[in-house]
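First the structure, in the form of structure tokens, and then the observations on it.
The numbers here are math on the coordinates, done by the rules we state, and not lab data. All values derive from a computational prediction rather than experimental measurement. As a convention, Cβ positions derive from the backbone with ideal geometry for all residues, glycine included, and neighbour counts pool all protein chains shown.
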Amino acid sequence: MPKRLVIVGAGTGGLMVANFVARDLHSEIERGEIGITLLGEQETYIYQPGYLYVVFDLMRPAQLMRPVRELLAPGIRFVHDRATRIDTGKRQVLRSDGDALDYDVLVLATGSGLNLDEVPGLREGGHWFYTLAGALRLRDALRRWHGGKLVLTVGVPHKCPVAPLEFTMMFEQWTRQRKVRDKTEIVYTYPLGRAHSIQAVADWVAPEFEARNIAIETFYNLESVDHEKRVAHSLEGTDLPYDLLVSVPAHQGDELGAASHLSGAGNWYPTDRHNLRVQGHDDIFTLGDATDLPISKAGSVAHFEAEVLADNLVGVLTEGAQPTSQYNGRAFCFIETGLERATFLSFDYEHPPTVPEPTNAVHWFKQTYNRIHWANLKAVM
Amino acid sequence: MDLAPLRIDARGSFCPGPMMELIRAVKGADVGQVVVVLSTDSGSKKDIPMWAQKAGHEFLGVDEHGDYDEISVRKAH
Ligand SMILES: Cc1cc2nc3c(=O)[nH]c(=O)nc-3n(C[C@H](O)[C@H](O)[C@H](O)COP(=O)(O)OP(=O)(O)OC[C@H]3O[C@@H](n4cnc5c(N)ncnc54)[C@H](O)[C@@H]3O)c2cc1C
């Protein structure tokens, strides 16, 4: 009987873990000693950071998509279905088609999704660039943009903590390129008392936005949207009229966690910050956006976690070993500061980031990464 | 009628966790009700009074308990 590793979620973290483990254990898989199953509700993988470029007509959707099956290392079985519940007693993942998958070790890589219903009127009055459909609708709205007032609102938590800043700065330069900057007013809002949750970023953004004539409204928690009058109301009592409302809605974890009594507040999995075990379950691990760890929800985080987790899974699957590799909170985020320059943040649990001077070289590095992300997913880089 | 205070345990959650938990609770509370958040994050003591002032709610103070703080706000409107 082979040892069975089941991974739920065929996104960035799930694919990377599956591929790292499959490459390390290819002989064991060939000999039938280990079986790896990846269960995913989507057959097509989408590179989400690309949405930011789709919005400004800088990338086409087709450039962001690949069939999941083409991204898998040999030996991984892909099952296209949704996990509806985990039976931790029977060690089974129940599927929406009624079947069940038995596991010895389980990885939950179910990511995060938008909560669009928390704010009344947002669906009708707002735009967002955190889904492909949303990005395309916003792209169409920008194609019609001749000036007016753009209001950006942010709900927390959300993935890619710097994307709202990137959108704002890219939009600002884009209006200059389009020669409509003088007819465009930009208001960036943030739920906290400063412009970003990461202090170094907040300190950098304030003068940067002032120099670019982008207004910052802090302590702004979007409460409701009057889509007929085009006014965004905050919980703090600030009303902002808008011509275009772009919102980064608050995120939540997948329902699977609640259905399985495994997740806590916000549907995030309570996670050991070093070995990535779901607390209280020796045979269940998690990574990426799905955890409750106090770190950014970012693809790079999922990547660094996948390396650590794969190391540990190899030991667990082949020798029944305890996990020894430790994740140290490492994160890396590019920040596009317009359409020609970028900077980056690099940090971990112990070391908060600083913001280096933006350069054209970092921008091109990011452009290159957008096109070679696939090699990273396949764990060949 | 006195409403029982709402207590939220946000210990172990980091900035902006406790403040966002408090904001969410104030949103769902009744006018006049007190919301108490338990926080181990030192930033909460600074951020929450500033938020309450901006949002027009009454900041009632901080009770320090060694390794955590109890921060109270009364929903004013
Ligand atoms: C606009 C935007 C810009 C971004 N920019 C960056 C950036 O510059 N840098 C960066 O590092 N990150 C960036 N990110 C974030 C990055 O895309 C995510 O953090 C990353 O994809 C997280 O990986 P994950 O595996 O946790 O989740 P995902 O990649 O979202 O994958 C989760 C998968 O699980 C599936 N799933 C969920 N529940 C179930 C279930 N019950 N059964 C079966 N399948 C299920 C989902 O369908 C999905 O395919 C950005 C994201 C967005 C939206």
Set of aspartates and glutamates near B:Lys54 by C-alpha distance (under 14 Å), chain-local residues within fewer than 8 positions excluded: A:Glu217, A:Glu236, A:Asp239
Scaled radius of gyration (Cα, divided by 2.2 N^0.38 Å) that the protein assembly as shown gives: 1.01
Sequence of A:Thr368, B:Thr40, A:Thr153 once ranked by neighbouring C-beta atoms within 10 Å, starting from the fewest: A:Thr368, B:Thr40, A:Thr153
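If we count other beta carbons within 10 Å of each Cβ, what is the order of A:Thr337, A:Thr131, fewest first?
Values: A:Thr337 26, A:Thr131 15.
If I rank by nearby Cβ atoms, fewest first, I get A:Thr131, A:Thr337.
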Stokes-Einstein D in µm²/s, Kirkwood radius over Cα pairs - the stretch A:81-194 at 4 °C with 1.567 mPa s viscosity: 74
DSSP beta bridges in chain A [antiparallel fraction, %, rounded to 5]: 45
Extension reserve of the A:Asp348-A:Ala200 stretch, reckoned as 0.36 nm per residue once the Cα distance is removed: 51.9 nm
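Show that you can apply the helix-only estimate: for chain A, add -39,500 (n - 2.57) for every DSSP H stretch of four or more residues, divide by all residues, and state [θ] at 222 nm to the nearest 500. Mind dumping the intermediate values first?
Details: 10 runs with 110 residues, N = 381.
Calculated mean residue ellipticity at 222 nm is -8500 deg cm²/dmol.
If you wrap a convex hull around the Cα atoms of the stretch A:1-100, how much volume per residue is inside, in Å³?
Details: hull volume 11.0 nm³, N = 100.
Considering the Cα atoms of the stretch A:1-100, their hull volume per residue is 110 Å³.
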Under DSSP loop assignment and at most 11 Cβ neighbours within 10 Å, longest GluC sites (Glu not before Pro)-free interval of chain A: A:44-227
Nearby aspartates and glutamates by direct alpha-carbon distance to A:Lys297 (threshold 12 angstrom, same-chain neighbours under 8 apart not counted): A:Asp289, A:Glu305
Two-decimal log10 I(q)/I(0) for the stretch A:179-252, as the Debye equation yields it once each C-alpha is a single scatterer, q = 0.14, 0.25, 0.28 Å⁻¹: -0.50, -1.25, -1.33
Estimated distance in nm for a label pair at B:Met50 and B:Asp2, the labels positioned 7 Å out from Cα along Cα-to-Cβ: 3.4
Residues of type aspartates and glutamates that A:Lys366 reaches as a straight line, Cα spacing below 14 Å, ignoring anything fewer than 8 places off in the same chain: A:Glu166, A:Glu336, A:Glu340
Sorted by Cβ density within 10 Å, fewest first, the residues A:Val278, A:Val316: A:Val316, A:Val278
Kirkwood hydrodynamic radius of the stretch B:6-74, Cα pairs, Å: 11.6
Lys/Arg +1, Asp/Glu -1 at C-beta; the stretch A:35-158 dipole; positive extreme among A:Pro67, A:Ile86, A:Leu150: A:Leu150
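D for the stretch A:209-294, whole µm²/s, Stokes-Einstein with Kirkwood Rh over alpha-carbon pairs at 10 °C and 1.306 mPa s: what number?
D = 99 µm²/s.
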Top of A:His227, A:His251, A:His127 by mean-square fluctuation, Gaussian network on chain A, Cα under 10 Å: A:His227
Degrees, to the nearest 10: B:44-55 long Cα axis against longest axis of chain B: 30
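Across chain A, where is the longest run that never hits trypsin sites (Lys or Arg not before Pro) in a DSSP loop with at most 14 other C-beta atoms within 10 Å? Mind dumping the intermediate values first?
Numbers: sites that count: A:Arg31, A:Lys90, A:Arg144, A:Arg178, A:Lys179, A:Lys229.
The longest such stretch corresponds to A:230-381.
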Number of Lys pairs (Cα under 22 Å; 8 or more positions apart or on different chains) in the stretch A:115-251: 4
Alpha carbon Rg of the stretch A:115-251, scaled by the compact-globule rule 2.2 N^0.38 Å: 0.97
